[in-house]
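Trainee: The following block contains the structure, expressed as structure tokens.
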Amino acid sequence: MAICFILGIGSLVSWNSMLTIGDYYYILFPKYHPARVLTLVYQPFAIGTMLILAYYESKINTRMRNLAGFTLFFFSTFFVLVVDLASSGKGGLGPYIGICVLAACFGIADAQVEGGIIGELCFMCPEFIQSYLAGLAASGALISILRMLTKVAFEKSNNGLRKGAILFLAISTFIELVCIILYAICFTKLPIVKYYRSKAALEGSKTVAADLAAAGIQTKTNDQGGYDSKKEERLSNKQLFVENLDYAVDLFLIYVVTLSIFPGFLYENTGTHQLGTWYPVVLIAMYNVVDFIARYIPLVPWLKLESRKGLLIAVFSRFLLIPAFYFTAKYGDQGWMILLTSFLGLTNGYLTVCVLTVAPRGYKGPEQNALGNLLVLCLLSGIFAGAVLDWLWIIGKGTF
């Protein structure tokens, strides 16, 4: 579970670093809406890649897919650092385009890693999925806390924001390198992982063959004795999607609401308060920390929401947060906005874990892997739709 947690951190730490240093980018690129634009650039590449990977999921080598994703994360994060150092932190259109290109690379890497690992963990313990999802949220919480510490440490120094940004990117690059090593060497050799992968292979999964070979386990093929071709029979992606349409809608709408508010609205539409430049930093930190904590709530059995109807009601009720944020930004104090942002993170983390741990139950390994990829596709589609809708907050304003 600890390795799943770290892999979860590595799956989003680079992107969260880019979002969390948004206050630095708003100084470098004040006219380009970086928090909104970078999210909008990131998502089409994530969805496009995920569409292809979900369609060909049963034929793709999961080991190479995940390693390629972490490697792309490593080099992309490193080059974000290089762009800043090469431009001496002076901003301009050239560096901004370079950062946008690297944000697109983050999207491609995210689709490879997030879909690949969640798909794989779907045929293992639900606790593994929960731990991985907690790691995704922990990356945001960790970066937010570091952002606050560096803001305190460098606030009075020259180029304080830039020094903090460089530190974040350096830490993120190191974490991605650690994830490459953990997944390539350690995760594959865990006895419980070998057990579940072997079980999935016996049920007809071809995606785990390379991982099992790396662990020294050979799988049977059609040409070898004892191979049962009937075990290859599985529901199609279309059948899986139809049977789990409500879960797909849940994940899509969870992230439509979240990304229509976070991070663009929190950076640009919450006004000026006593916290000054700390205000958006505190809001982002509160969202990330509470989102992380909320992903552990479903570990308590009586607090876990498993009813399909109950999940739909909870997800649709989150749309009330949109007018709540609007009126709080217009009339409320900073304390109410912090409370509301915390609730946004609480419901986002809690409902995500509930859906992704309940949905794969009752299916064979290959079906669970395919379903995991389909659900991640819906999640990423929701993020993209939310990022597009986020622009509606600034329509009609002079800064559009």
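Trainee: Every residue in segment 388-400 that is open to solvent by less than 30 Å² (accessible area, probe 1.4 Å) and either modelled with pLDDT of 90 or more or touching a Lys or Arg at 6+ places or on another chain (Cβ under 7 Å) (or both), please.
Mentor: Of everything in segment 388-400, just one residue is open to solvent by less than 30 Å² (accessible area, probe 1.4 Å) and either modelled with pLDDT of 90 or more or touching a Lys or Arg at 6+ places or on another chain (Cβ under 7 Å) (or both), namely 390.
Trainee: Here is a follow-up. Answer yes or no: is there a residue in segment 376-395 that is without any contact (Cβ under 8 Å) to a residue 24 or more places away in the chain, in a helix (DSSP H, G or I) and within 13 Å of residue 250 (Cα to Cα).
Mentor: Within segment 376-395, not a single residue is without any contact (Cβ under 8 Å) to a residue 24 or more places away in the chain, in a helix (DSSP H, G or I) and within 13 Å of residue 250 (Cα to Cα).
Trainee: Here is a list of conditions, (1) within 18 Å of the chain's Cα centre (by Cα); (2) surrounded by fewer than 23 Cβ atoms within 10 Å (Cβ to Cβ), and residue 132 meets all of them except one; can you say which number that is?
Mentor: (2)
Trainee: Out of all the residues in segment 213-220, is one or more modelled with pLDDT of 75 or more, part of a helix (DSSP H, G or I), within 26 Å of residue 2 (Cα to Cα) and open to solvent by less than 30 Å² (accessible area, probe 1.4 Å)?
Mentor: no
Trainee: Please tell me if residue 349 is in a helix (DSSP H, G or I), farther than 15 Å from residue 244 by Cβ and at pLDDT 90 or above.
Mentor: yes
Trainee: Please work out which one of (1) modelled with pLDDT of 95 or more; (2) buried (at least 17 other Cβ atoms within 10 Å of the Cβ) is the condition residue 316 fails and give its number.
Mentor: With respect to (1) modelled with pLDDT of 95 or more; (2) buried (at least 17 other Cβ atoms within 10 Å of the Cβ), residue 316 is out only on (2).
Residue-wise test of (1) hydrophobic (A, V, I, L, M, F, W, C); (2) open to solvent by 60 Å² or more (accessible area, probe 1.4 Å); (3) free of Cβ contacts under 8 Å to residues at least 12 places away in the same chain.
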| position | (1), (2), (3) |
| --- | --- |
| 145 | yes, yes, no |
| 151 | no, no, no |
| 156 | no, yes, yes |
| 167 | yes, yes, no |
| 174 | yes, yes, yes |
| 178 | yes, no, no |
| 183 | no, no, no |
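Trainee: Right, here's the next one. Quick check on this structure: which one of 67, 81 is among the aliphatic types (A, V, I, L, M) and within 30 Å of residue 199 (Cβ to Cβ)?
Mentor: After ruling out the rest, the residue left standing is 67.
Trainee: Would you be able to tell me the number of residues in segment 116-154 that are closer than 28 Å to residue 25 by Cβ, touching a Ser or Thr at 6+ places or on another chain (Cβ under 9 Å) and not polar (S, T, N, Q)?
Mentor: 9
Trainee: Scan (1) in a helix (DSSP H, G or I); (2) closer than 30 Å to residue 61 by Cβ for the single condition residue 162 breaks and write down its number.
Mentor: Result: residue 162 passes all but (2).
Trainee: Give 107, 116, 69 a once-over and let me know the one that is touching a Pro at 6+ places or on another chain (Cβ under 8 Å), in a helix (DSSP H, G or I), of a type in the set (Gly, Ala, Ser) and open to solvent by less than 10 Å² (accessible area, probe 1.4 Å).
Mentor: Going through 107, 116, 69 in turn, the sole match is 107.
Trainee: Cβ-Cβ distance below 7 Å, separation of 6 or more or different chains: which pairs start in segment 193-207 with a residue that is at pLDDT 85 or above and of a type in the set (A, V, I, L, M) and end on one that is open to solvent by 20 Å² or more (accessible area, probe 1.4 Å) and in a loop (DSSP other than H, G, I, E, B)?
Mentor: Every condition considered, the pairs that remain are 201/219.
Trainee: Would a scan of segment 323-343 turn up a residue that is under 19 Å from the mean Cα position of the chain (by Cα), more than 25 Å from residue 244 (Cβ to Cβ) and not polar (S, T, N, Q)?
Mentor: yes
Trainee: Of these, 98, 160, which one is without any contact (Cβ under 8 Å) to a residue 12 or more places away in the chain, surrounded by fewer than 22 Cβ atoms within 10 Å (Cβ to Cβ) and among the small types (Gly, Ala, Ser)?
Mentor: Result of the check over 98, 160: 160.
Trainee: What about residue 26, is it assigned to a helix (DSSP H, G or I), more than 16 Å from the chain's Cα centre (by Cα), farther than 28 Å from residue 131 by Cβ and of a type outside the set (Gly, Ala, Ser)?
Mentor: yes
Trainee: Does segment 321-339 include one or more residues that are modelled with pLDDT of 90 or more, of a type outside the set (A, V, I, L, M), surrounded by 17 or more Cβ atoms within 10 Å (Cβ to Cβ) and assigned to a helix (DSSP H, G or I)?
Mentor: no
Trainee: For residues in segment 196-212 being assigned to a loop (DSSP other than H, G, I, E, B) and of a type outside the set (S, T, N, Q), which is most open to solvent (accessible area, probe 1.4 Å)?
Mentor: 206
Trainee: Suppose the filter is aliphatic (A, V, I, L, M), at pLDDT 80 or above, part of a loop (DSSP other than H, G, I, E, B) and open to solvent by less than 60 Å² (accessible area, probe 1.4 Å); does residue 284 pass it?
Mentor: no
Trainee: Now for a different question. Show the residue pairs that are 6+ apart or on different chains and have beta-carbon atoms under 6 Å apart, the first residue being within segment 18-42 and over 11 Å from residue 92 (Cα atoms), the second being among the hydroxyl-bearing types (Ser, Thr, Tyr) and open to solvent by 30 Å² or more (accessible area, probe 1.4 Å).
Mentor: Taking only residues 6 or more apart or on different chains, the pairs are 22/267; 35/267.
Trainee: Take the residues in segment 253-281 that are aliphatic (A, V, I, L, M) and in a loop (DSSP other than H, G, I, E, B); name whichever of them is modelled with the lowest pLDDT.
Mentor: Result: 275.
The values are calculated or read from the model by the stated rules, or taken from the named source; none is laboratory data. Since we're looking at a predicted model, the values are computed, not measured. Because the Cβ atoms are built from the backbone with ideal geometry, glycine has one as well, and the counts that use them run over all protein chains shown. For accessibility, only protein heavy atoms count, side chains too; no ligands or nucleic acids. Shrake-Rupley method; radii C 1.70, N 1.55, O 1.52, S 1.80 Å.
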